[in-house]
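Q: Attaching a single structure in structure tokens format; questions to follow.
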Amino acid sequence: MTALLIFISLILITIIVVQVGKVTELAGKIRGEEQRQEQVNQRNAVFSMIFMVLFLVGCIWSAYYYKNYMLGYGPHESASEHGSALDSMFNVTLFFTGIVFVVTQIFLFYYAYKYRGKKGRKVIYIPHNNMVEIIWTVIPLFVMTYLVIDGLEAWNKVMADVGPDEEHIEIEATGYQFAWAIRYPGLDGRLGEKNYKLIDPATNPLGQNWEDEKNIDDFQTGAEFVLPVNKKVRVRITAQDVLHNFDLPHFRVKMDAIPGMPTHFVFTPTKTTEEYRQELRKYPEYQVPDPNDPSKQLWETFEYELACAELCGRGHYSMRKTLRIVSEDDYLDWLNKQPSYYMTNIRFTEKDPHRNKLFDFEIENRKEEFDRAVEGVLSMNNPQDTTLRFRYVNFETGSADLTPLSNYEIDNLLTLMKGNPAMTVELAGHTDNTGDAEQNQLLSESRAKKVYDYLVVNDIDSTRLQYNGYGQDRPIDTNDTDTGRAANRRTEFRILTK
């Protein structure tokens, strides 16, 4: 019953609205509403034409005025090898769509003016016109065919991957809320494996697999990363949390960073940062003080920028990183100064699966360090200055048992003595002052003898060796701090004769 009443009420309301409309229309005719409406139509038609002119002039003027800032013209031509293909495709597309835009706006407003409402005018209805159908089908067909073919050629050129034997640099960009982590391979030129299950924000933010030795020399950059000019670069792109976008606008590089689906982009920088600055210097809009550093002009403070072109959260604005393009020599100099993340943060910690072995480069580096120290003391005339500390010979706590990696440095002394048959050496053990002095004396002597025994077993004549324990009697640092006590717990060797 309630539904029926609602239905009847809606019908009655509709009838009332229709009748009110008819009464309003009749009253308008009586008052001369038709004449007034015609005046309004005339005025709106004239204003439409004025708006059309102002609108088109404003669009064309603003496009020309901001072309250097927003459209990639003037000083902002592409700084990459592939960028010219994208810019050319953009220009062609802009040409055709610009013509369509201007023509359709003119027709839109002109027809609104020409066919404005007038007394006695009737609308002409054209149900079909073959010629018009052909024109607005064939012309877009040819234009779109050209744009698609040109676009495919550009796509194939831009998105081509590097060949298996092609020389290139490969880096990795990982987006996360809210920053970019840029990882480089070390001197081996290969990036190590990753696994998201290994991610630890404190010690392993990228989830690198430390069992993969390619990770040993990989390093990560800070607020700035560097690439060489005229070298092909392949960027692995991924994300840890939400969708990001790897955007280098000056190089026409833009690719989504998708969690769980790695993407890539290959490009070749063609202008160094300094060369780009010199291009900007030619334009008056860059010869003004930088608002952030009034002591310098705007062109002097320019930097290439990596940004996130995806709205990835509240901190999206902070995903900015500076890219510096330099010469190859400057790049190699910068590369050699970058510390390995593994060697700086993981090596010899509990997270290190290789903590009980040395890598070949570590053995070589320690030997070079040992040889330099020996060369230094051998050049001295004062016998008291021929004492050298074993930096990497260590013992188990409270014991005379050598740790697994100590033999490498003792082997350096072994090689030295075999190469100098007349050399004689005293081996000395020292402790800190913790515990009983007599026990410390015995421990220091046992440790010195352990090194002595190792050398004798490896064919060094015992007559060329002495060993002594000095306990806690000859500290080289304070025993009041952990650092000082660690320095006092040492094993040394003194060259007696050369």
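Q: Compute the Cα gyration tensor for region 169-346, then decide on rounded, prolate or oblate, letting a ≥ b ≥ c be the square roots of its eigenvalues: rounded whenever a/c is under 1.5, prolate when a/b is larger than b/c in the other cases, and oblate in all that remain.
A: Taking the square roots of the gyration eigenvalues as a ≥ b ≥ c, region 169-346 is prolate.
Q: Hey, can you rank 310-322, 484-496 by average C-beta count inside 10 Å, highest first?
A: Top of the packing list down: 484-496, 310-322.
Q: Could you order peptides 461-468, 128-135, 326-333 by the average number of other Cβ atoms within 10 Å of their residues, highest first?
A: 461-468, 326-333, 128-135
Q: Set the Förster radius R0 to 30 Å, insert the Cβ-Cβ distance between T434 and D352 as r into 1/(1 + (r/R0)^6), and round the FRET efficiency to 0.05.
A: It comes to 0.60.
Q: Determine the alpha carbon to alpha carbon distance for each of K321/K351; K232/K296; K357/K418; K194/K271 and list only those over 27 Å.
A: Checking Cα-Cα distances, K321/K351; K232/K296; K194/K271 exceed 27 Å.
Q: Still on this structure, please answer the following. Take region 304-389, drop everything but the C-alpha atoms, weight them equally and run the Debye formula without solvent; then report log10 I(q)/I(0) at 0.10, 0.13, 0.20 Å⁻¹ to two decimals.
A: -0.60, -0.82, -1.02
Q: Restricting to DSSP H runs of at least four residues, report the calculated mean residue ellipticity at 222 nm for the chain, -39500 (n - 2.57) per run over all residues, nearest 500 deg cm²/dmol.
A: Mean residue ellipticity, 222 nm, calculated: -14000 deg cm²/dmol.
Q: How large is ³J(HN,Hα), in whole Hz, for each residue of region 137-145 in order, when computed from phi with the Karplus curve 6.51 cos²θ - 1.76 cosθ + 1.60 and θ = phi - 60°, using x for Gly and Pro?
A: The phi angles translate into 9, 6, 4, x, 4, 5, 5, 5, 4 Hz.
Q: Please give the FRET efficiency for E224 paired with Y64, using the beta carbon to beta carbon distance and R0 = 25 Å, rounded to the nearest 0.05.
A: 0.10
Q: Checking the cross-link filter: which aspartates and glutamates have an alpha carbon closer than 12 Å to that of K450, excluding same-chain neighbours under 8 positions apart?
A: Qualifying aspartates and glutamates at Cα under 12 Å: D401.
Q: Now a separate question. On C-alpha positions alone, give me the angle between the axis of helix 437-457 and the longest principal axis of the chain, in degrees, nearest 10.
A: Rounded to the nearest ten degrees, it is 90.
Q: A follow-up question, please. Using R₀ = 60 Å, calculate the FRET efficiency as 1/(1 + (r/R₀)^6) where r is the Cβ-Cβ separation of V148 and K418; round to 0.05.
A: 0.20
Q: For W136 and K498, compute 0.36 nm times the residue count separating them, minus their Cα-Cα distance, and round to one decimal in nm.
A: Length difference between fully extended and current span is 120.5 nm.
Q: Work out, step by step, the length gained on full extension between I6 and D256: first 0.36 nm times the residue separation, then minus their alpha carbon distance; give nm to one decimal.
A: Full extension of this stretch gives 84.6 nm more.
Q: Also, I was wondering about something else. Calculate the radius of gyration of the Cα atoms of region 238-340 to one decimal place, then report Dmax, the largest Cα-Cα distance, as a whole number, both in Å.
A: 16.3, 46
Q: Per 0.36 nm of contour for each residue apart, how much would the distance between T301 and M49 grow if the chain were fully extended, relative to their Cα-Cα spacing?
A: 86.1 nm
Q: Right, next: How far apart, in nm, are two points set 7 Å out from the Cα along the Cα-to-Cβ line at F95 and at V457?
A: 8.2
Q: Of the listed values [x] 47.4; [y] 23.2; [z] 24.5, grab the one calculated as mean projected area of the Cα convex hull in nm² from the structure here.
A: So the calculated entry is the one marked [x].
Q: How many percent of DSSP beta bridges within the chain run antiparallel, rounded to 5?
A: 70
Q: I'd like the orientation of helix 2-31 relative to the chain: the angle between its Cα long axis and the longest Cα principal axis, in ° from 0 to 90, rounded to 10.
A: 60
Q: Among the aspartates and glutamates, which have Cα under 17 Å from the Cα of K67 when same-chain residues fewer than 8 positions away are ignored?
A: Straight-distance partners of K67: E77, D87, E279, E285.
Q: Measuring from label point to label point, each 7 Å out along Cα→Cβ, what is the R391 to K114 span in nm?
A: That separation, rounded to one decimal, is 8.9 nm.
Q: Using only the alpha carbons of region 164-250, determine the length spanned along each of the three principal axes and report them from longest to shortest in whole angstroms.
A: If we take the Cα atoms of region 164-250, the spans are 36, 32, 23 Å.
Q: Continuing with the same structure: Place a point 7 Å from the Cα of V40 along the Cα-to-Cβ direction; which residues of region 92-115 have their backbone N under 19 Å from it?
A: Those under the cut-off are 112-115.
Every number here is computed from the coordinates shown, using simple stated rules; none is lab data. Bear in mind the structure is a predicted one, so any value in this text is a computation, not a measurement. Note: ideal-geometry Cβ built from the backbone for every residue, glycine included; neighbour counts use all protein chains shown.
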